[in-house]
Amino acid sequence: MYEEERRPDHGPLAGFTVGVTAARRADELGALLQRRGAAVLHAPALRIVPLADDSELLAATKDIIQQAPDIVVATTAIGFRGWVEAADGWGLGEDLLSRLGGVRILARGPKVKGAVRAAGLTEDWSPSSESMAEVLDRLLEEGVEGQRVAIQLHGEPLPGFVEALRAGGAEVVGVPVYRWMPPEDLGPVDRLLDATVSRGLDAITFTSAPAAASLLSRAEERGLLPEVLGALSHDVLPACVGPVTALPLQSRGIDTIQPERFRLGPLVQLLCQELPARARALPVAGHRVEIRGHAVLVDGELKPVPPAGMSLLRALSRRPGWVVARAELLRALPGSGRDEHAVETAMARLRTALGTPKLIQTVVKRGYRLALDPATETKYADA
């Protein structure tokens, strides 16, 4: 679709940098973002550890075979397949499938439904929203008093789900098929956190609650949690695939955006709407200038700009049309010292990158200003 569009010849996310915290399907999400023009910084915030040899899973499997549940809730395709494969490895596969064949199975979404059917079973019901909240609502509406409910867990206890069922009178059996663990290599996560704090990211995506919790936990370990929360509150847009994923962020007071359909494609489409809408667009010297994360659109043409140049441009755009002193611009430069010559050097590179030198005017002995079009100067001066 995007390849056929000639104007503009860049994607809607061109000039923006998006962080990806996913462990699973990260390549797919990254490719979707890159096809729409984004620069992607990938840092898996967790790793999946299968529990095929885990005593908890073995005990839960034997328990279910010995005493059949009334209802089984399958939450992830990879988890359900892993459970059946582990049971096969213990010589319990046939017994497990035989037992599950006689109970109601609720599958959270089409992928889970596919895994259930691949095992030779048939689901009783699956929500169109792929939401565990809808599964819970269905169970509570039907009533779970005296029911034995087995839930295939996906890495961490489902927030409020087990408690609500138990409050409704159900006996809940957890089936821990795999766990989320911190990544073995923390380097990429630390670089992602540093980029968040320095505002080197425009958005960061989360596709699981454990990933969000893991990233915040690592930020806390490094003493960066206040700075990370500050960035996510104001400058770096947190985008979650659904409301359950957003819970660890919301518990810290962070508002997130979420697509109506809890899938990767709609998540990317939402970013395609939100990020360009947040970019500052100004009429400057007869041109339309849109300031994005690491690039500028000048009359719709993408102009990559070095980090120092972007820092200067943002400082100028905060008061468009007003003169900004060299000393103030020097403070805006990353890692700047005391030599105002650094401002002149960075400004020269910025003008070269923009390709239109008259966008920024030099005001002798005072500083620099964006050459805001006269008709709009009054409006921005009052802002």
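The values are calculated or read from the model by the stated rules, or taken from the named source; none is laboratory data. On a predicted model such as this, the values are computed, not experimentally measured, just so you know. Neighbour counts run over all protein chains shown; Cβ positions are idealised from the backbone, glycine included. Side chains are part of the model used for accessible areas, which takes the heavy atoms of the whole protein and leaves out ligands, DNA and RNA. Shrake-Rupley method; radii C 1.70, N 1.55, O 1.52, S 1.80 Å.
Please verify whether the range 260-269 includes one or more residues that are outside any helix (DSSP H, G or I), touching a strand residue (DSSP E or B) at 6+ places or on another chain (Cβ under 8 Å) and open to solvent by less than 40 Å² (accessible area, probe 1.4 Å). No; the residues of the range 260-269 include none that is outside any helix (DSSP H, G or I), touching a strand residue (DSSP E or B) at 6+ places or on another chain (Cβ under 8 Å) and open to solvent by less than 40 Å² (accessible area, probe 1.4 Å).
The set of residues from the range 315-351 being part of a helix (DSSP H, G or I), more than 25 Å from ALA195 (Cβ to Cβ) and open to solvent by 50 Å² or more (accessible area, probe 1.4 Å) comprises HIS341, GLU344, ALA348, ARG351. Residue under question is ILE151, and the condition is that it be touching a helix residue (DSSP H, G or I) at 6+ places or on another chain (Cβ under 9 Å), in contact (Cβ under 8 Å) with a residue 60 or more places away in the chain, surrounded by fewer than 18 Cβ atoms within 10 Å (Cβ to Cβ) and within 23 Å of TRP180 (Cβ to Cβ); does it hold? The answer is no for ILE151. If you filter the range 100-114 down to residues that are more than 17 Å from ASP137 (Cβ to Cβ) and within 26 Å of the chain's Cα centre (by Cα), you find that the one that is surrounded by the most Cβ atoms within 10 Å (Cβ to Cβ) is VAL112.
Whenever a residue of the range 184-201 is under 20 Å from ARG314 (Cα atoms), its partners that are open to solvent by 10 Å² or more (accessible area, probe 1.4 Å) and in a loop (DSSP other than H, G, I, E, B), lying with C-beta atoms within less than 7 angstrom and at least six residues away or across chains, give the pairs VAL197/LEU224; ARG199/ASP235.
The numbered conditions (1) in contact (Cβ under 8 Å) with a residue 60 or more places away in the chain; (2) open to solvent by 30 Å² or more (accessible area, probe 1.4 Å); (3) of a type outside the set (Ser, Thr, Tyr); (4) not in a loop (DSSP other than H, G, I, E, B) are all true for VAL173 except (2).
Out of all the residues in the range 273-314, which are surrounded by 18 or more Cβ atoms within 10 Å (Cβ to Cβ), part of a helix (DSSP H, G or I) and of a type outside the set (Ser, Thr, Tyr)? Correct list: LEU275, ALA308, GLY309, MET310, LEU312, LEU313.
Scanning the range 192-203 for residues that are open to solvent by 60 Å² or more (accessible area, probe 1.4 Å) and farther than 25 Å from CYS272 by Cβ turns up just one, ASP194. Go through (1) at pLDDT 95 or above; (2) not in a strand (DSSP E or B) and name the single condition PRO183 misses. Against the list (1) at pLDDT 95 or above; (2) not in a strand (DSSP E or B), PRO183 comes up short only on (1).
When the residues of the range 35-49 are narrowed to those that are β-branched (Val, Ile, Thr) and in contact (Cβ under 8 Å) with a residue 24 or more places away in the chain, which ends up farthest from ALA22 (Cα to Cα)?
The initial filter retains those residues of the range 35-49 that are β-branched (Val, Ile, Thr), namely 40, 48-49.
Keeping just the survivors that are in contact (Cβ under 8 Å) with a residue 24 or more places away in the chain gives 48-49.
Numbers: ILE48: 11, VAL49: 15 Å.
My answer is VAL49.
Summed over the range 358-383, residues that are modelled with pLDDT of 80 or more, out of contact with any helix residue (DSSP H, G or I) (no Cβ under 7 Å at 6 or more places or on another chain) and either closer than 20 Å to GLY15 by Cα or hydrophobic (A, V, I, L, M, F, W, C) (or both) total 3. Only a single criterion out of (1) without any contact (Cβ under 8 Å) to a residue 40 or more places away in the chain; (2) under 21 Å from ARG81 (Cβ atoms); (3) β-branched (Val, Ile, Thr) is not satisfied by VAL162, namely (2). Count of the range 231-246 residues, restricted to those that are touching a residue at least 24 places away in the same chain (Cβ under 8 Å), within 15 Å of ILE204 (Cα to Cα) and assigned to a helix (DSSP H, G or I), is 4. Taking the residues in the range 338-357 that are modelled with pLDDT under 90 and more than 36 Å from the chain's Cα centre (by Cα) as candidates, determine which candidate is farthest from ALA327 (Cα to Cα). Per the stated criteria, the residue is PRO357.
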